[in-house]
Every structure is written in structure tokens, then in C-alpha cells.
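J.: A single structure is presented below for examination.
The values are calculated or read from the model by the stated rules, or taken from the named source; none is laboratory data. Small disclaimer: the values here were computed from a predicted structure and weren't measured. A quick note on method: Cβ atoms are made from the backbone with ideal geometry, for glycine too, and the neighbour counts reach across all protein chains shown. We work out accessible area using only protein heavy atoms, side chains counted, and drop any ligands, DNA or RNA first. Shrake-Rupley method; radii C 1.70, N 1.55, O 1.52, S 1.80 Å.
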Amino acid sequence: AFLLWAPGWTCGLCMAVMFRARRFILRIADHDSLTGLANRRKFDRTADLLLGRKSSVRKKFALVLIDLNGLKQLNDRYGHATGDRALVLMSRALEHTVGPEDIAARFGGDEFVVLTHAVKDREELTRFEESIRNTVEREHALDDERKLLLRMSMGSALFPEDGRDAGELLYIADQKMYREK
């Protein structure tokens, strides 16, 4: 019985280890290592899925592009550890704002992007942006009893009103974000 049980147990253990390793590899491929948010790769795949559906079943959604203002100055003045902490605080604030159906991603450097189904028109989009702003733009406590005040610039676009593909939506949101800066 042991001769039959041992190979089966060993095979099961190997499969469990391989399953966990695969999950880990997929996680690090799709998420930013510093913030834990989705990365650009995962954002692009999610946007492609949303936009690739047949037009009759596409749901409205909004894209919000966010730039963390003053990160370079923060890094230069207090060091990269404090700058990294600002990025993590920003990502936690975004995680608390977006719903379970939405995605918040670190787009690169100090830029973040949110895809949300929670808005259907400009009025709801404005309220959603304000909830992000209220969560992010406040004093955040650092580990050494200092406080960090985060500031950001934001631009948004609605699908399908502002564009029919990810490039158009990002362009519109980017233009609005730089006007705010």
C-alpha cells in the first residue's frame, strides 16, 4: 500500500507546488512590485477585453488618468524611500476608492489609471473623480511621525462618448490631465 500511496502523494504535492508557482508568476507578471496595483500590461489586456466585445454588449465605462504631482521633488528632497512611500499611499487610496469590478493600475512612474463601470455620465464621473481626490489629497501619516500631503492632476474620458478605443480615451484623459496641471 505504501508503494502505491507514496508516488501518488508525491505527484499531488508536486502539482500543488506547481499550481502555487504558476499563480505567483501570473501575479508578478500582472502587478506592480512596489504598489501591488495592476501594471500597464494588465491594464492593456483589461482595456482590450472591454473594447473588444461586440458593440451591442459593450457597457459604458470611464477611464481616469492620474499623475502624482511633485514626486521628483519629493525624491530629491527626502529620498527615494519617501517617494516610494508616496506611490504606495497613492495606490492604497485608489484601492479604497474603486469598486470590485473596476481596475486601478500603476501606468508607469508617477502615473496611475482607473477603469470604472460605476459611472454612466459626466455628472457621475465628476463625483467619482471627487471621491478619488478626497481620498488622495489629504495628509497621510508616515512611519516616522511626519505627514505627507499628496497632490495630483487628473483627466478622464467616457466610453463611447470620448472615444472608441483605448488610444483615443487615453489621449482625451491625458489632455484633460495636463490642462489641470
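J.: Among the lysines, select those whose C-alpha is under 28 Å from the C-alpha of Lys176, and discard any that sit fewer than 8 residues away in the same chain.
T.: Within the straight-line limit of under 28 Å, Lys176 reaches these lysines: Lys42, Lys59, Lys60, Lys72, Lys120.
J.: Now, a different point. Report the extension gain between Lys147 and Tyr171 in nm, rounded to one decimal, defined as 0.36 nm multiplied by the number of residues separating them, less their alpha carbon distance.
T.: Here the answer is 5.2 nm.
J.: Further, regarding this structure: Compute the accessible area per residue over the chain, keeping the other protein chains in place, probe 1.4 Å, unit Å².
T.: 60
J.: Mean projection of the alpha-carbon convex hull of region 130-181 over all orientations, in nm²?
T.: Mean projected area for region 130-181: 4.6 nm², to one decimal.
J.: Straight-line reach from Lys147: which aspartates and glutamates have Cα under 13 Å away, leaving out those fewer than 8 places along the same chain?
T.: Result set, ordered by chain and number: Glu137, Glu139.
J.: Continuing with this model, one more query. Starting from the 7 Å offset along Cα-to-Cβ, what nm value, one decimal, do you get for the label separation of Arg45 and Leu4?
T.: 4.1
J.: Given charges of +1 on the Cβ of Lys and Arg and -1 on the Cβ of Asp and Glu, with all other atoms neutral, how large is the dipole of the chain about its Cα centre, in debye to the nearest 20?
T.: Value, rounded to 20: 540 debye.
J.: What's the angle, to the nearest 10 degrees (0 to 90), between helix 40-52's Cα axis and the longest principal axis of the chain?
T.: Computed tilt is about 80 degrees.
J.: Just how much of Val17 is accessible, in Å², when a 1.4 Å probe is used and the result is rounded to the nearest 10?
T.: Accessible area, nearest 10 Å²: 90 Å².
J.: Once the other residues with Cβ under 14 Å from the Cβ of Phe112 are scored (Lys, Arg +1; Asp, Glu -1), what is the net sum?
T.: Charge balance in the 14 Å sphere: -3.
J.: Hey, another quick one. Using only the alpha carbons of the chain, determine the length spanned along each of the three principal axes and report them from longest to shortest in whole angstroms.
T.: Sorted from largest, the Cα extents of the chain read 73, 53, 22 Å.
J.: Further, regarding this structure: Accessible area of the chain with a 1.4 Å probe: how many percent of it is carbon plus sulfur?
T.: 56
J.: From the protein chains alone at 1.4 Å, what is the descending order of accessible area for Glu168, Glu129, largest first?
T.: Glu168, Glu129
J.: Which of Val64, Gly8, His96 sits closest to the plus end of the dipole of region 1-112, meaning its Cα is farthest towards the positive end, when Lys and Arg get +1 and Asp and Glu get -1 on the C-beta?
T.: Checking the options against the dipole of region 1-112, the answer is Gly8.
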